[in-house]
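Participant: Have a look at the structure that comes next, please.
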Amino acid sequence: MTLLQTVQLERPLALLGRVVLPSLMAFWWSAVFIRRLVSLAFPHWLPPGAIPWHLNPDFEGSAANAVSAAALATAALLTLGAAAASHRRGDGRFAVGGWTIVAITSAYLAWEEISEFHVNFGRKVIASVFGIQNLYLWPIVASPLVALFVLAAAGFVYKGLHVREARALLVIGVAAWLLALGNEMLNPFVFQAVATKAGELATLMEETLEFGGALLVGSSAVAALRAQRKESTNAPRIMSSVTLCPQGKESAGPGIRRIAASALAALVIVGVCGGLFTALVYRPPVIDARANSDIGVYATWIYAGHSIAQEFRLPAPVDRLELSVAVHSSDGRAGTAIWRILDGTGAGTGDILREGRIGIPARDDLHLAPVLIDIAPPLSDAEGRRLALQLVNDGAPEERLSFQAVKDDRYADGRLWSNGAPTSPDQDLEFVAYGTPDPTSSKLRTLWRLVTSSWRWPVLLADTSLALTFIAFVPVLLVTTELSLWKRARRPARWRRE
């Protein structure tokens, strides 16, 4: 194949990458990532149930799942094209072999995204090797293959990839894939152990990191193809002695400076947004009486007119409580309950500090629903005192109100009462008391106690900050690259004689 034919191959592939990759990115960030992130942070603005199922990449056959597979398939096509162009140019076996390995890996990930191969095959392998059914151990099983891919990619970057922009993008893209794998491993042991929403955030970050890594790997191939096209364009030509070229030096990719500026911008965006969210929106859990596992967890219930009360000691101002509750009725209708914050024990004889009514969704004993109780005004004048949360079943006589409780004395600062009588000393309701979102010194102390309470919190914060920075870096880089190319295309051209 002649040099001119090689140029004809590189131009459409580079154009394909410039069109398809930003289009997929726009869909993912607007329809999938931003919506789910807003739903996690502000569920009263965008309830999770309001997001269609086909925008959840966890569901096989969803539109989000297909878009993620399309991004990986596009990266496979672009890297395969870069391998073919390197072969025709005689760039050496490291260049051709490196692009080919990246293309095969991207193609496998695209196939796996729509086939869920590791879910089906991984369960059998993990069950036979470890004797348990835990899919989160799949990264450990696949670690030898991952290590071989990383070694091959490192050799390719070091010896076969000489375009600096393409090298930087490929390294960052592979790092995003590895970080996604790390999030999958940390999810059950760190994120889900802290809170259900944290586990959902980890899953969202994992899927977006895999998607963003595909965009970066594809962009790396585009940068290499544009660099090769530039070299071919500047080579002496026999067919024409006049060439139309843009004014000034043509860039072979986004440029190292643009990559560094995009990384800095992503870091600033995540830092500013994360700081504002933590200071003004986030409610730290002042009391967390949830179980770390299913051991000792059970359901208890009360009938119409009966009550249940959980004592707790108030360490800091609180304005929201969360319980796992459900109502059971013959017709499946939702129920109601009266809640009170009492000053004193759960016997129901103390003064009523706060009172209200909440709706209870209809569920079964195995699928209770999280119910939030907003306390207005916040409990800020009873710090250090023993209080009690009382709930009274205000439904029809046949309705039964179920609560999730634990039997391992998860919360030692209070006892559980039923109809004014104390239950077993090791029984407590599963509940969470959240502090106020206002940026106060009390909130700062609560955050410090939270971070230092377990090794999981520092790991969660570090991993989340790094993952979100990677995630923000991808759209910033692609947008700034397209703007730069658009501005360069609008510059006046000149005729240059070869």
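Participant: Please give the contour-minus-distance gain from Phe59 to Phe42: 0.36 nm per residue of separation, less the Cα-Cα distance, rounded to one decimal in nm.
Facilitator: Gain on extension, Phe59 to Phe42, equals 3.9 nm.
Participant: Calculated FRET efficiency, Ser484 and Ala462, Cβ-Cβ r, R0 35 Å, to nearest 0.05?
Facilitator: Efficiency, rounded to the nearest 0.05: 0.60.
Participant: If we count every other residue with Cβ under 11 angstrom of Gly160's Cβ, Lys/Arg +1 and Asp/Glu -1, where does the sum land?
Facilitator: Taking every Cβ under 11 Å from that of Gly160, the sum is +2.
Participant: Please find the FRET efficiency linking Ala396 to Ala376, where r is the Cβ-Cβ separation and R0 is fixed at 35 Å, and quote it to the nearest 0.05.
Facilitator: Step by step, r from the Cβ atoms, then E = 0.80.
Participant: Arrange the residues Tyr282, Tyr303 by how much accessible surface each exposes, largest first, with a 1.4 angstrom probe.
Facilitator: In descending accessible area the options line up as Tyr303, Tyr282.
Participant: Under a plain spin-label model, where a point goes 7 Å from the Cα along Cα-to-Cβ, how far apart in nm are Arg257 and Leu178?
Facilitator: Roughly 2.9 nm, to one decimal.
Participant: Which net charge results for the neighbourhood of Ala95, defined as the other residues with beta-carbon distances under 10 angstrom from its beta-carbon, given Lys and Arg at +1 and Asp and Glu at -1?
Facilitator: +2
Participant: Under 5 Å between amide H atoms, partner at least 5 residues away or on a different chain: which partners does Leu353 have, H built in plane at 1.01 Å?
Facilitator: Answer set, sorted by chain and number: Ile341, Leu342, Asp343.
Participant: Provide the FRET efficiency to the nearest 0.05 for the Tyr158-Ile295 pair, computing r from the beta carbons and using R0 = 60 Å.
Facilitator: The pair Tyr158/Ile295 has a calculated efficiency of 0.75.
Participant: Relative to the present Cα-Cα distance, how much length would full extension add between Met185 and Val281 at 0.36 nm per residue of separation?
Facilitator: 31.7 nm
Participant: Please compute the net charge surrounding Ala316, taking Lys and Arg as +1 and Asp and Glu as -1 over other residues with Cβ under 14 Å from its Cβ.
Facilitator: For residues surrounding Ala316, the net value is +1.
The values are calculated or read from the model by the stated rules, or taken from the named source; none is laboratory data. In this text the structure is predicted, and so the values were computed from the model without any measurement. All Cβ positions, even for glycine, are placed from backbone atoms using ideal geometry, and neighbour counts span all protein chains on display. These accessible areas exclude ligands, DNA and RNA; they are computed on the full protein's heavy atoms, side chains included. Shrake-Rupley method; radii C 1.70, N 1.55, O 1.52, S 1.80 Å.
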